[in-house]
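Beneath this line is the structure, given in structure tokens, with notes to follow.
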Amino acid sequence: MPIVTSVLMMVQREIKRKTRTYGTIAFLSATILVSLIYVFGTVPGLFPPDVFPSVLAMENFNSYDELKNFLVANTKDGSAYYFGGGPLDIQFFDSTRTGSFWSETTGPPTPVPAPRGDTDFSSSQNSYSTTNVQVSGVDESDIVKTDGKYIYVATRNYYPTIQNSIYIVKADPQDPRVIAEINLDNDTYIAGLFLSQDTNKLVVIGSEYTLYDTIEPRSDLTVYPYFGNIHTIINVYDISDKAHPIIVRDLTLSGSYFNSRMIDNYLYAVVSQPAYNVYEDEVFLPQVTEQSISEKVPPERIYYTDTVDTYFTFTTFVGVNVLDDFEQISNMTILMGGSSTMYVSTNNLYVTYSTWNNGQYTSIYRVSIDASSLTFESKGSVPGYVLNQYSMDEYNGYFRIATTWQNDTQVNNLYVLNINMSLVGKLENLAENERIYSVRFIGDKSYMVTFRQIDPFFVIDLSNPNEPKVAGELKIPGYSSYLHPYDQNHMIGLGKEENNIKLSLFDVINPNNPQEITKYLIEGDWTDSQALYDPKAFLFSKEKQLLVLPISITNYGPIEIKENDTFVQQAGFWEGVYVFNSSSKEFILRGTITHSENMTDINYYWPDSGNTINRAIYIDNYLYTVSNLKIRISNLETLAFIEEVQLS
């Protein structure tokens, strides 16, 4: 593989990982902080955890000039930041750019033939896995979806050329094959897929981007400027005839894709874009385009609070009925500092962002959702920053959030707010000089892992929202960066112990005395798993006693000296999935599966990303492992190879 292509591949994979974990705006926020440290030599001032910023009512602008004057006056210290997202070319939204279709059949659409073989794959009674989500009834986008009969896969291959595709694959193990392929533009990043409840609509959501040449910096700009178009696409396909997907809705929103959810058949998406182009002294209002017809969001429909910040973004919320192609979308825009994490219950959408404006704190915006209706309800704030969506939860009318506060020392806190985003309870100063690595809320309990040298596993009692308290604590080596409930009395932890992947099983029957009853280490010089930072790669079924994890194992090996005095470190590298029997007592390795046939030819410098297994799903008694290049079907009990489907 050419070195340039390999480097590009690695950079793209890292961008993809960070984008999924934090969102594009969070990544840019990190850039801001680095820039501030570089320019001013320090991080902006912090304030103690017991000081809360006031909760301010939201207002609307009366005109464009009022909006512009607000941004000019309230950008902190007059600092100017520009990250692209310049003037949007309407032709860039042309619906003809949504891609071409390939089908295994030609001519007029024909019904998909009935599956063949002994397995009755046409039955609606088959059991299959779904996306690993945080809240029951609130679906999350993913690169793989299934309805038990077909598998829908989003892929991105970098070699020999960049190619973005969505495949519809017939999942019958007796006759698996690609039914249809949707090809997207090379400058499109596919964030994920949604499937309607009747399985007749497929939603593709992602970002399209074009970066232009940089220009000469101005002395009054603190960050080197560049121009670029970044916008978010939401394409809805009619897949009632699986072999002939037809695009029926084509939405484009200016700005970077942040996050999304789907409840019943309503899609809710959030997009952020920079609010003010200092270089051109112009405000670029958010823009929504459908079927090449564009409309800018007027200032009168943009919410804001009277606050000062280092930078501002337009954060736009949209609601789309994916079943009704003609129902008007709902949209709402809030001017805020950025978007870092999102939590969604069945009734509310919470977006947070961390800021260092007069101190370090996290602002929380609550938007109520009801079918296509979006309504801003309240805004609150708490000290510290949030790790991820699992650090937040809504339960019995209360919103709970765990944060890490860093000043001279580092502490961890948990706050309880009412529906109006007012503080009602708090638990502060946990695990000094450590930070939160994972959180999981289950009913009136919260499970929290912090880490520095050992892993304190906390059980927090939230039965009295006004007085949260630590019920029990366990200190063990390593840490868990993802917590998953096995049942009400047991919690699975996935993390690291030194350089090794560690699976833990915690017994929390007695919340005052949690115990690690078993652990499993995957050993090597360095072992890793996508599921550490992307829980959607975590496949678990209590009913099937099944746990599947994507795993990579690196052993560095000896150094070989070449004749020209260069040296090569011989690599031992393996990647695939580990398949476990999982019970309330132990993890037993059932076996492993890989998509890379010649692992001895692969080294840890240039791993074969096309064969990296990104997801595993099950349908009835079959396990399907999915990479960018193929789907492999194995017997779920024996892991014996059944068949595979090539995806490119």
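None of the figures in this text is laboratory data; all of them are computed from the coordinates on show. Since this is a predicted model, take the numbers as computed values, not measurements. Cβ atoms come from the backbone with ideal geometry, glycine included; neighbour counts cover every protein chain shown.
Using alpha-carbon pairs under 8 Å, 6+ residues apart, how would you state the relative contact order of the range 472-533 in percent? It would help to have the intermediate numbers written out before the result.
Values: 126 pairs, mean separation 19.1, N = 62.
Contact order relative to length: 31 percent.
For the range 253-352, rounded, prolate or oblate, judged on the Cα gyration tensor with a ≥ b ≥ c (square roots of eigenvalues), a/c < 1.5 rounded, else prolate if a/b > b/c?
Numbers: a/c = 2.31, a/b = 1.36, b/c = 1.70.
It comes out oblate by the Cα gyration axes.
Given a Förster distance of 25 angstrom, what is the FRET efficiency for TRP526 paired with SER136, based on the Cβ-Cβ distance and rounded to 0.05? Walk me through the intermediate numbers first.
Details: r = 35 Å, r/R0 = 1.42.
Once the sixth-power term is evaluated, E becomes 0.10.
Give, in nm to one decimal, the length gained when the segment between ASN186 and SER422 is fully stretched (0.36 nm per residue of separation minus the Cα-Cα distance).
Numbers: separation 236, 0.36 × 236 = 84.96 nm, distance 4.57 nm.
Fully extending the segment from ASN186 to SER422 adds 80.4 nm.
Taking R0 as 51 Å, what FRET efficiency do you get between GLU432 and VAL72 from their Cβ-Cβ distance, rounded to the nearest 0.05? Spell out each step's value before the answer.
Values: r = 42 Å, r/R0 = 0.82.
With a Förster radius of 51 Å, E is 0.75.
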message: Starting from the 7 Å offset along Cα-to-Cβ, what nm value, one decimal, do you get for the label separation of ASP408 and MET58?
response: 3.9 nm
- prompt: Given labels modelled 7 Å from the Cα in the Cβ direction, how far is it in nm from ASN466 to VAL248?
  reply: 5.2 nm
message: Using a 7 Å offset from Cα along Cα-Cβ at GLU377, what residues in the range 340-371 end up with backbone N under 11 Å from the label point?
response: 345-350, 366-370
message: Whole percent per 10 Å bin, from 0 to the bin with the longest distance: what is P(r) over all C-alpha pairs of the range 419-481?
response: 22, 49, 25, 4
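Nothing charged except the Cβ atoms of Lys and Arg (+1) and of Asp and Glu (-1): what's the magnitude of the dipole of the range 245-396 about its Cα centre? Round to the nearest 20 debye.
On the way: 6 positive and 17 negative charges, 72 e Å.
Once rounded to the nearest 20, the dipole reads 340 debye.
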- prompt: Could you state the principal axis extents of the C-alpha atoms in the range 310-360, from the largest down, to the nearest angstrom?
  reply: 46, 22, 12
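I need the fraction of alpha carbon pairs in the range 304-444 separated by more than 18 Å, rounded to a whole percent. Intermediate values should be presented prior to the final figure.
Working: 5689 of 9870 pairs.
The share of Cα pairs beyond 18 Å in the range 304-444 comes to 58 percent.
In what sequence, highest mean first, do 635-641, 263-269 appear when ranked by Cβ atoms within 10 angstrom?
Numbers: 635-641: 12.9, 263-269: 20.9.
Highest to lowest by the protection proxy: 263-269, 635-641.
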All lysines inside 30 Å of LYS502 as judged from Cα atoms, apart from same-chain residues fewer than 8 positions distant: LYS16, LYS18, LYS145, LYS445, LYS469, LYS475, LYS519, LYS536, LYS542, LYS544, LYS585, LYS630
